[in-house]
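Undergrad: Right, I'll just put the structure down here and ask away after.
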Amino acid sequence: MIRGTKIENHKNISIKDNIKKIDNSDYIYIPLKTYNNTNCTCNVKAGDYVYKGQVIALSNDKYKMPIHSSVSGKVSGIIEENNSEEKFKVVVIENDYLEKEKKKIGSKNIINNYTIDEAIKLIHENGVVGLGGQCFPTYYKYNTELKINTLIINAVESEPFLTCDFTLLKEKTSEILETIDALMEIFKIEKCIIAIKNYNKQSMNNLIEYIGSYPQIEIKYVKDIYPIGFERSLIKHLLNISYNKYSMEKGIIVNNISTVYSIYKALKFKKPTLDRIITVSGDGINNPQNVKVKYGTKIKNIIESIGGYSSDKVFLIIHGVMRGNSISTDENYITKDVTGITVLKETQSIQDECINCGKCANICPVRLSPVLIMNNQKYNIIINKLNSNKCVECGLCSYICPSKINLKEIVMNCKKEVK
Amino acid sequence: MNFIVRKGPFLKNNNNISKILINTLISLIPILIYYFIINDMNYIFKFCITLTSIVIANMSYEFIYNKKMINFKLLTSSLITSIIVCLLIPKNANLILLFFTSFGAIIINKFFKNINPILLILIFCYMFFISDIDNNIVFINAYIPMFLLIISYIYLLIKRAIKFRISGICIIFSIIGYFLKLYDINMLILLSIIDVYVISELLSTPNLAISQIIYAIVIGIISIIIDYNYLFMVILVFNILNIYIDLSFAFILANKKKC
């Protein structure tokens with residue numbers, strides 16, 4: 001049985017309007033880091049002219065993931081940034097709004113007839129990564145000698161407020177189904193499941209209309225509980241299978257809806273994805289909606305474009321209200337791992353002493369005991385034995401706690417200690 | 001613009017300690033009304049003394065050590081403690097002793113969080129006034145309070161204000177004991193009050209589902225075979241051991257996962 005709880009989803013507030021395209025950034029900021037915060041080797045220097053979609057850096061890890069420029073323009077500088085965890089470089093490009101591309105490549109009518117190697121090469125070269133928030137290189141999932149039996153398309157979107165995948169599925173249904181069909185044919189995958197929450201009938205109708213042409217693709221509605229959209233929970237729920245490190249071990253690949261759309265662009269147009277749909281929502285802004293923005297756009301530009309803040313004192317949250325943290329400035333920019341920005345008005349929650357109710361231990365999806373970790377946080381041996389490093393940072397322990405203790409923070413600190 | 005920096009999550013469940021306390025208090029109302037109906041003024045007087053002593057003890061402690069005045073949570077928890085004590089103390093308990101015992105129990109609880117103050121009060125009362133069932137309340141039409149207690153348990157279960165596994169298992173054991181004719185219906189009612197409100201008290205019981213089940217089975221078995229007067233002592237010992245029971249099961253589960 002999957003552990004979790006139903007959380008008020010707040011999704012309706014951002015799906016009222018159509019997707020707004022925001023393209024007003026004079027400067028674009030591309031951080032030179034990829035999956036697991038790996039640093040990259042930069043191919044450009046200040047003063048160089050870069051084309052839209054040009055590779056400006058390559059990751060230094062085994063994945064060798066390329067980083068592309070999302071606009072055309074002059075590199076105005078390479079700055080060094082510090083966040084709490086590490087130092088990294090950021091390429092700043094002055095946007096000339098000309099959208100110049102180095103070479104024009106036509107689209108391919110049928111994307112089903114690539115060989116496995118060709119498809120993997122395209123997915124790799126075009127920098128397709130998991131856009132659910134982890135940024136794991138997608139080509140690596142397909143580049144396996146193990147037999148892949150099942151492809152799961154994750155359209156669950158567990159995080160409250162976020163509707164970007166839902167919106168993308170609604171807008172690009174045929175493209176997404178075409179890509180899934182191609183992936184199944186190229187990689188000889190027998191079964192595909194699109195996992196979705198049934199919270200909006202309209203999107204279902206759209207999907208059901210198209211899916212008739214793809215009998216091998218199955219839609220499965222999942223329970224509206226958090227965190228069912230997490231890869232492990234989803235596989236367990238749909239197939240009752242657990243795995244150790246990667247789902248490929250069990251012949252399963254999980255791709256997010258936005259990732260599938262990136263694969264579509266890579267296979268159809270041989271182009272990297274340089275923008276994405278993100279959800280900008282919450283009671284701290286005037287017009288919550290889904291927006292299409294280029295990677296590297298400042299959050300400030302996005303919020304200003306949709307009507308600004310509705311309060312002077314807010315939480316500006318990236319990566320979702322359950323998993324994310326609030327940041328101190330809106331000068332930050334959109335990277336591939338950002339699925340949404342949630343702005344919430346200031347709320348006070350008074351923390352009480354733990355009453356030992358055990359709700360945190362009984363809801364944890366990976367069966368940790370946050371209360372025991374908290375009570376023994378001074379003793380490294382004990383917290384190590386309690387598997388605190390297995391925490392998936394879903395935030396359910398803090399959510400459920402009647403004493404309003406931020407157990408997630410405590411467990412994450414312990415996780416760092418035992419690493 | 002002022003951006004507040006904080007670690008997530010930013011959504012919280014609407015359950016809180018005040019709600020848990022209120023729900024526990026509400027669940028006590030039916031059985032309390034029943035007690036008021038079947039008892040005399042002496043019982044109401046004893047209730048008031050117990051309540052006053054527990055509230056005074058709490059207030060004094062908070063005022064002296066934490067410089068806090070009485071608040072809603074403190075008052076509600078004192079009310080709950082005193083009601084449960086009143087439901088369980090022997091009829092011949094001395095009021096003055098009860099006052100000082102309540103005071104002492106609250107102070108001890110402030111230093112040893114995992115010891116249930118209700119248990120301490122009951123242990124003192126039963127040590128000085130060894131009670132047989134005749135000294136306790138004899139229930140008229142005894143199936144009514146039993147029914148009320150089960151309703152209270154279901155209410156607490158729905159409101160998620162109870163460690164339901166512990167209470168549920170212990171109630172089943174108590175009913176088994178009654179059907180095995182190990183005690184009569186009056187005893188069953190007293191045991192059921194203990195099952196719902198004392199054995200499963202949040203602070204002093206295990207957290208993990210597996211340790212709750214083991215704890216409940218052990219206490220359940222002991223409660224039907226041991227003399228009622230000594231049951232509180234056994235629960236107290238488990239209160240102290242519970243932290244280790246929880247840790248042991250957590251280690252076992254974590255090891256199993258690693259394997």
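The values are calculated or read from the model by the stated rules, or taken from the named source; none is laboratory data. What you see is a predicted model; the values in this text were computed from it and never measured. Note: ideal-geometry Cβ built from the backbone for every residue, glycine included; neighbour counts use all protein chains shown. Please note that ligands, DNA and RNA were not included when accessible areas were found on the heavy atoms of the full protein model with its side chains. Shrake-Rupley method; radii C 1.70, N 1.55, O 1.52, S 1.80 Å.
Undergrad: When you scan the stretch B:23-45, how many residues do you find that are buried (at least 17 other Cβ atoms within 10 Å of the Cβ) and either outside any helix (DSSP H, G or I) or within 14 Å of chain A (Cβ to nearest Cβ) (or both)?
TA: So the count comes out to 2.
Undergrad: Still on this model: Could you run through the stretch B:52-84 and say how many residues are touching a residue at least 40 places away in the same chain (Cβ under 8 Å), within 17 Å of B:L25 (Cα to Cα) and among the hydrophobic types (A, V, I, L, M, F, W, C)?
TA: 6
Undergrad: For the stretch A:54-81, name all the residues that are outside any loop (DSSP other than H, G, I, E, B), of a type in the set (S, T, N, Q) and touching a His at 6+ places or on another chain (Cβ under 7 Å).
TA: Residues satisfying the conditions do not exist here.
Undergrad: Return yes when B:I150 is part of a helix (DSSP H, G or I) and modelled with pLDDT of 90 or more and no when it is not. Break it down stepwise before answering.
TA: On the way: part of a helix (DSSP H, G or I): yes; modelled with pLDDT of 90 or more: yes.
Against the criterion (part of a helix (DSSP H, G or I) and modelled with pLDDT of 90 or more), B:I150 qualifies.
Undergrad: Kindly indicate whether A:N286 is open to solvent by 30 Å² or more (accessible area, probe 1.4 Å), away from every other protein chain (no Cβ under 13 Å) and in contact with a Ser or Thr (Cβ under 7 Å, 6 or more places away or on another chain).
TA: The answer is yes for A:N286.
Undergrad: Could you figure out which of (1) in contact with a Gly (Cβ under 6 Å, 6 or more places away or on another chain); (2) more than 9 Å from chain B (Cβ to nearest Cβ) isn't true of A:I306?
TA: The one condition A:I306 does not meet is (1).
Undergrad: If you don't mind, there's one more thing I want to ask. Suppose we filter A:L316, A:L386, A:L372, A:L368 for residues that are open to solvent by less than 40 Å² (accessible area, probe 1.4 Å), over 30 Å from B:I243 (Cα atoms) and at the interface with another protein chain (Cβ under 10 Å from one of its Cβ atoms); which single one remains?
TA: Going through A:L316, A:L386, A:L372, A:L368 in turn, the sole match is A:L316.
Undergrad: Moving on. Within the stretch B:1-22, which residues are open to solvent by 40 Å² or more (accessible area, probe 1.4 Å) and under 23 Å from A:L344 (Cβ atoms)?
TA: Once the filter is applied, which keeps residues that are open to solvent by 40 Å² or more (accessible area, probe 1.4 Å) and under 23 Å from A:L344 (Cβ atoms), the stretch B:1-22 yields B:M1, B:N2, B:V5, B:R6, B:K7, B:K12, B:N14, B:N16, B:K19.
Undergrad: Has the stretch A:83-104 got at least one residue that is open to solvent by 100 Å² or more (accessible area, probe 1.4 Å), part of a loop (DSSP other than H, G, I, E, B) and touching a helix residue (DSSP H, G or I) at 6+ places or on another chain (Cβ under 9 Å)? Give the steps one after another, and end with the answer.
TA: Step one: of the stretch A:83-104, the residues open to solvent by 100 Å² or more (accessible area, probe 1.4 Å) are A:84-85, A:87, A:89, A:98, A:102-104.
From what's left, part of a loop (DSSP other than H, G, I, E, B): A:84-85, A:98, A:102-104.
Retained after the next criterion (residues that are touching a helix residue (DSSP H, G or I) at 6+ places or on another chain (Cβ under 9 Å)): A:85.
Looking for residues that are open to solvent by 100 Å² or more (accessible area, probe 1.4 Å), part of a loop (DSSP other than H, G, I, E, B) and touching a helix residue (DSSP H, G or I) at 6+ places or on another chain (Cβ under 9 Å), one finds at least one in the stretch A:83-104, hence yes.
Each row is one residue, and each column tells you yes or no for (1) open to solvent by 60 Å² or more (accessible area, probe 1.4 Å); (2) free of Cβ contacts under 8 Å to residues at least 60 places away in the same chain; (3) on the phi > 0 side of the Ramachandran plot.
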{"position": "A:I180", "(1), (2), (3)": "no, no, no"}
{"position": "A:M184", "(1), (2), (3)": "no, yes, no"}
{"position": "A:I208", "(1), (2), (3)": "yes, yes, no"}
{"position": "A:Y214", "(1), (2), (3)": "no, yes, no"}
{"position": "A:Y221", "(1), (2), (3)": "yes, yes, no"}
{"position": "A:K236", "(1), (2), (3)": "yes, no, no"}
{"position": "A:S242", "(1), (2), (3)": "yes, yes, no"}
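Undergrad: Would you be able to say whether some residue in the stretch A:60-75 is at positive phi, surrounded by 15 or more Cβ atoms within 10 Å (Cβ to Cβ) and within 14 Å of chain B (Cβ to nearest Cβ)?
TA: No, the stretch A:60-75 has no match at all.
Undergrad: Take the conditions in a strand (DSSP E or B) and closer than 30 Å to A:I13 by Cβ and apply them to A:I194. Does it pass?
TA: Taking the combined requirement at face value, the residue satisfies it.
Undergrad: Shifting gears a bit: Somewhere in the stretch A:139-146, is a residue open to solvent by 80 Å² or more (accessible area, probe 1.4 Å) and among the hydrophobic types (A, V, I, L, M, F, W, C)?
TA: We begin by selecting, within the stretch A:139-146, every residue open to solvent by 80 Å² or more (accessible area, probe 1.4 Å); these are A:143, A:145-146.
Filter once more, so that each one left must be among the hydrophobic types (A, V, I, L, M, F, W, C): A:146.
Yes: the stretch A:139-146 contains one or more residues that are open to solvent by 80 Å² or more (accessible area, probe 1.4 Å) and among the hydrophobic types (A, V, I, L, M, F, W, C).
Undergrad: Quick one: A:G229 ticks every box in (1) of a type outside the set (S, T, Y); (2) open to solvent by 30 Å² or more (accessible area, probe 1.4 Å); (3) in contact (Cβ under 8 Å) with a residue 60 or more places away in the chain; (4) closer than 21 Å to A:R3 by Cα bar one, so which box is it?
TA: (2)
Undergrad: In the stretch A:325-359, how many are open to solvent by 10 Å² or more (accessible area, probe 1.4 Å), facing chain B (nearest Cβ under 9 Å), touching a helix residue (DSSP H, G or I) at 6+ places or on another chain (Cβ under 8 Å) and not β-branched (V, I, T)?
TA: Selection size over the stretch A:325-359: 6.
Undergrad: Please give the number of the condition B:M187 fails out of (1) more than 23 Å from B:R160 (Cβ to Cβ); (2) assigned to a helix (DSSP H, G or I); (3) away from chain A (no Cβ under 14 Å); (4) open to solvent by 50 Å² or more (accessible area, probe 1.4 Å).
TA: The number of the failed condition is (4).
Undergrad: Count, please, the residues in the stretch A:392-404 that happen to be buried (at least 21 other Cβ atoms within 10 Å of the Cβ) and more than 7 Å from chain B (Cβ to nearest Cβ).
TA: The number of residues fulfilling the criteria is 4.
Undergrad: Considering (1) open to solvent by less than 10 Å² (accessible area, probe 1.4 Å); (2) more than 14 Å from chain B (Cβ to nearest Cβ), say which one A:K270 fails and leave the rest.
TA: Among (1) open to solvent by less than 10 Å² (accessible area, probe 1.4 Å); (2) more than 14 Å from chain B (Cβ to nearest Cβ), the lone unmet condition for A:K270 is (1).
Undergrad: Would a scan of the stretch A:38-53 turn up a residue that is open to solvent by 70 Å² or more (accessible area, probe 1.4 Å), closer than 28 Å to A:I176 by Cβ, not in a loop (DSSP other than H, G, I, E, B) and not basic (K, R)?
TA: no
Undergrad: In this structure, does B:I213 turn out to be more than 21 Å from A:S403 (Cα to Cα), assigned to a helix (DSSP H, G or I) and free of Cβ contacts under 8 Å to residues at least 40 places away in the same chain? Working first, answer last.
TA: Working: more than 21 Å from A:S403 (Cα to Cα): yes; assigned to a helix (DSSP H, G or I): yes; free of Cβ contacts under 8 Å to residues at least 40 places away in the same chain: no.
The answer is no for B:I213.
Undergrad: Take the stretch A:289-313 and flag every residue that is β-branched (V, I, T) and surrounded by fewer than 21 Cβ atoms within 10 Å (Cβ to Cβ).
TA: Once the filter is applied, which keeps residues that are β-branched (V, I, T) and surrounded by fewer than 21 Cβ atoms within 10 Å (Cβ to Cβ), the stretch A:289-313 yields only A:I306.
Undergrad: Also: Checking the conditions here, which among B:A142, B:A161 is among the aliphatic types (A, V, I, L, M) and within 14 Å of chain A (Cβ to nearest Cβ)? Quick ask: steps written out before the conclusion?
TA: Values: B:A142 fails: within 14 Å of chain A (Cβ to nearest Cβ).
Answer to the check: B:A161.
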